[in-house]
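See structure below.
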Amino acid sequence: MVIYVEMKRIAVIAICVLPMLTAFSQQRNVPQNHRKGTIYLFWGWNTTAYGRSNLHFRGEDYDFTLYQVRGQDLPRRPFREPQNNYGLGYFFRDNWAMRFSVDHMKYVLEQYQIVRMKGSIMRGGPHSGNYDGDKTITPDFLRFEHTDGLNYINLELEKYYSWYRSRNQNLMVSGMLGGGGGVLYPRTDVHLLDYPNSNLYHVAGFGVALKAAAQLTVFRHVYGKIENKFGYIHMPSIQVHELESAGKASQSFLFSEMEWIIGVNFSLRSKKNN
């Protein structure tokens with residue numbers, strides 16, 4: 001439910017703010033930190049909400065799907081659990097930048113939720129059998145986490161809009177709209193039945209997202225930014241066991257990520273060209 005409320009909120013904000021951003025974009029003088037040839041570096045922290053997903057497992061002695069499962073962000077433990085974003089960007093023309101970043105998110109399948117399960121488990125044990133009905137997810141059956149993490153490696157296009165700047169440009173407020181896509185390279189911690197757990201880095205799928213942000217720049221080169229990203233992740237190849245054992249999982253879901261970012265920018269061009 002949270003993810004759909006978030007999507008509606010983003011749509012309303014975009015409809016209200018976009019005309020204002022377009023008006024600001026008509027300014028003739030481009031702020032120094034938005035000019036062609038500027039590069040920026042950043043680091044930040046994130047929190048994320050996830051939509052429900054169908055989680056399909058297929059191996060040598062099991063083939064089943066869990067429908068409409070709930071996943072959540074890792075409970076907040078600031079600075080004890082890395083959940084950060086970092087990367088760099090380059091303004092290839094005035095007000096337009098390309099950004100490469102790594103979003104280190106975390107996803108935890110909620111325990112003791114009741115979901116519909118369809119399929120079969122041929123492996124001996126208390127969970128062996130054919131299923132087409134309700135199933136309670138318990139730790140002895142399944143623990144499933146992208147907690148080291150749900151790594152979204154992405155490339156994005158950004159358009160910046162100047163909202164306010166002081167005469168000496170030591171204080172600037174700006175907005176940004178953008179979007180892009182990339183690959184998912186998670187380290188997924190899976191405990192399925194009595195198999196040894198898997199915790200391997202692997203390429204699992206892809207993601208796409210749109211985003212909006214507000215940025216405050218001080219002393220021309222230091223900035224803070226609040227950024228909201230809304231997107232879709234599809235992972236058809238999640239590693240379930242060690243590489244020598246057959247076993248894959250797949251899932252797709254919507255996500256809404258809030259980022260708190262700090263960074264610096266500097267120009268690669270000489271002062272006389274600025």
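For the reader, a short list of remarks on this structure follows.
- Links that overshoot a 22 Å alpha carbon limit, given the list LYS106/LYS211; LYS159/LYS229; LYS118/LYS248; LYS106/LYS159: LYS106/LYS159
- Extension gain (nm, one decimal) between LEU210 and SER237, 0.36 nm per residue minus Cα-Cα: 7.3 nm
- Anisotropy class assigned to segment 2-270 is prolate, per the alpha carbon gyration tensor with a/c at or over the 1.5 cut-off and a/b larger than b/c.
- Between ASN228, VAL203, THR147, the Cα set farthest toward the positive side of the dipole of segment 2-270 (charges on each charged residue's Cβ, about the Cα centre) is that of ASN228.
- Förster radius 22 Å - calculated FRET efficiency between TYR201 and ALA246, Cβ distance, rounded to 0.05: 0.70
- Electrostatic dipole magnitude of segment 2-270 [Cβ: Lys, Arg +1; Asp, Glu -1; Cα centre; debye, to 20]: 1580 debye
- Think of segment 126-274 as having a plus end and a minus end, set by charges on the Cβ of Lys, Arg, Asp and Glu; of GLY129, PHE266, ALA212, PHE266 sits farthest toward the positive end of this dipole.
Every read-out reported here was derived from the displayed coordinates using simple, explicitly stated rules and does not represent laboratory data. These numbers were taken from a predicted model, which means no experiment stands behind them. Glycine gets a Cβ as well: all are built from the backbone with ideal geometry, and neighbour counts include every protein chain shown.
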